[in-house]
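Just so it is clear, none of the values below were taken in a lab; they were calculated from the coordinates. Just so it is clear, the model here is predicted, and its values are computed rather than measured. Here Cβ is always computed from backbone atoms with ideal geometry, including for glycine, and neighbour counts include all displayed protein chains.
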Amino acid sequence: MPHLILTCDPDFNDLALDEFRHDSIYGALVAELAPGVWLAECDDGFWGLAVTWQAKPPIFVRHFCPVDSVLPLTGTSDDIASLAELAASDFADGLDADLPYSVQSRVLAADLPYKPFDLNIALSGALTDATGAVVDVRAPEQVLSVVCARLPDEALSRFTFHVSPTTDNGIRNTQYAFLGLSPTNLNLSDWAGGVRRFAREEGQISRAEFKLLEALEVFRIDLPPRGVALDLGAAPGGWTRVLRQREQFVTAVDPAELDPRLAEDRGVRHKRMTAEEYLADEPDEFDLIVNDMRMDARDSARLMVAYAGQLHRHGLALMTFKLPGDDRKRIIEHAFNILRQRYVIAGARQLFHNRSEITVFLTVKGEGMKG
Ligand SMILES: C[S@@+](CC[C@H](N)C(=O)[O-])C[C@H]1O[C@@H](n2cnc3c(N)ncnc32)[C@H](O)[C@@H]1O
């Protein structure tokens, strides 16, 4: 059966693997290569599952890539040249020389004496020499994914790929590189393993800012020029700061204090009250509502439904569902059903920057909209 590699937040392994089993044909797990990184196999393979997930993306599987070739690793720097040779021999034909590509490597076994960067450089050098294709790490249209990891002993017998279980010296192989080529847009994330990092900025108010930056990117949200936004649960003000950078006028609602750096900003209005209180206080109308309130996801969804009338016709909303405990699947379904009264659920993903939560992207439904 074809193999592939799936990545998710290890705290949400159960839900991610449910998605894989449910959406694939005869999907089965071979091994956990590292926390939240799974070698798996299914009858429909990467390409079949990619079609399914293009139509209805999973929430918890963050990234996936095919396994087309496997190389046993020696655990020495010789692996770099061997992998470069393999990249050219196995993938030059499959790579479209007219489209930009990148090599995305992950080295998941701590004792390997090379870093992802070393592999990216060596493999892309070999592939470009063989094909003439241009590397573009920022916007690749095709990706050679490389995952170097230890395969647990108990998984060796389940791994049906044709690789020698021993080295030339008769020593048992335990570390392997798994390689696969795919169009970037099918991998669920443009980033190796779905790991999307942003540089820390001077003036950053909270780590939560990364969450909003990632959501705007993943859901491809274009904010209206000089739009009017409502930030529910705004304190200390990270999301408000990101929205201000994008020229939105922000009403920030939170009983807690905002970072003093926002106080001088005339584009920010702090309503120092709860979202429930602001709703009763003749709120304005908005182009965008964002909601990162620390609150049960279903209560938060009810409040979003109550606020739907404050959104313009083209209105968008982004919210997080906090999922601290058990029963997460049921809570998500319940909150979705509440939201569907007034919104279309345009996307829901567990982003790299989400901790014990998911981010949900909403558009307002047809009926009862304002102009
Ligand atoms: C995770 S923090 C938000 C962080 C914020 N997005 C940022 O980037 O700085 C959650 C906030 O929700 C607020 N909150 C909880 N219940 C609320 C309610 N009923 N109305 C308004 N804010 C609420 C808390 O006061 C807290 O400041």
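Quick look at the values:
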read-out: Most positive-pole-ward Cα, T76, V37, P283, against dipole of the chain from beta carbon charges; value: P283
read-out: Shape category assigned to the stretch 208-364 from the gyration tensor of Cα positions, a/c cut at 1.5; value: rounded
read-out: Lys, Arg +1 and Asp, Glu -1 on Cβ, resulting dipole of the stretch 3-194 about Cα centre, debye, nearest 20; value: 240 debye
read-out: Most mobile listed residue (V61, V135, V360) in the chain, GNM with C-alpha springs under 10 Å; value: V135
read-out: Virtual spin-label span in nm between I221 and D93, 7 Å along Cα→Cβ; value: 4.5 nm
read-out: Sorted by Cβ density within 10 Å, fewest first, the residues I332, I121, I345; value: I345, I121, I332
read-out: Full-extension gain in nm, V228 to D78, via 0.36 nm per residue minus C-alpha separation; value: 48.3 nm
read-out: Potential lengthening between A28 and K56 on full extension [0.36 nm per residue; Cα-Cα distance subtracted]; value: 8.1 nm
read-out: Helix-only mean residue ellipticity at 222 nm for the chain, each DSSP H run of n ≥ 4 adding -39500 (n - 2.57), per residue, nearest 500; value: -8500 deg cm²/dmol
read-out: Separation of alpha-carbon centers, the stretch 58-125 and the stretch 172-191, rounded to whole Å; value: 7 Å
read-out: Segment A155-D284, extension gain: residue separation times 0.36 nm, minus the distance between their alpha carbons; value: 40.6 nm
read-out: Relative contact order for the stretch 3-194, counting Cα pairs under 8 Å that sit 6 or more residues apart, in percent; value: 27 percent
read-out: Spherically averaged projected area of the chain from its Cα convex hull (nm²); value: 20.3 nm²
read-out: Euclidean distance of C-alpha centroids, the stretch 236-256 and the stretch 310-341, integer Å; value: 21 Å
read-out: Cross-link reach list, lysines versus K211, counting only Cα pairs under 17 Å and skipping chain neighbours closer than eight places; value: K322
read-out: Cα-centre dipole for the stretch 269-347 with unit charges at Cβ (Lys and Arg positive, Asp and Glu negative), debye to 20; value: 280 debye
read-out: Listed residue pairs exceeding 26 Å between alpha carbons, taken from K56/K115; K329/K365; K56/K271; K271/K329; value: K56/K115; K56/K271; K271/K329
read-out: Cβ-based exposure ranking for W38, W53, W47, in which fewest neighbours within 10 Å come first; value: W47, W53, W38
read-out: Label point distance in nm, K365-E276, each placed 7 Å from Cα along Cα→Cβ; value: 2.4 nm
read-out: Sequence of K365, K271, K115, K56 once ranked by neighbouring C-beta atoms within 10 Å, starting from the fewest; value: K56, K115, K365, K271
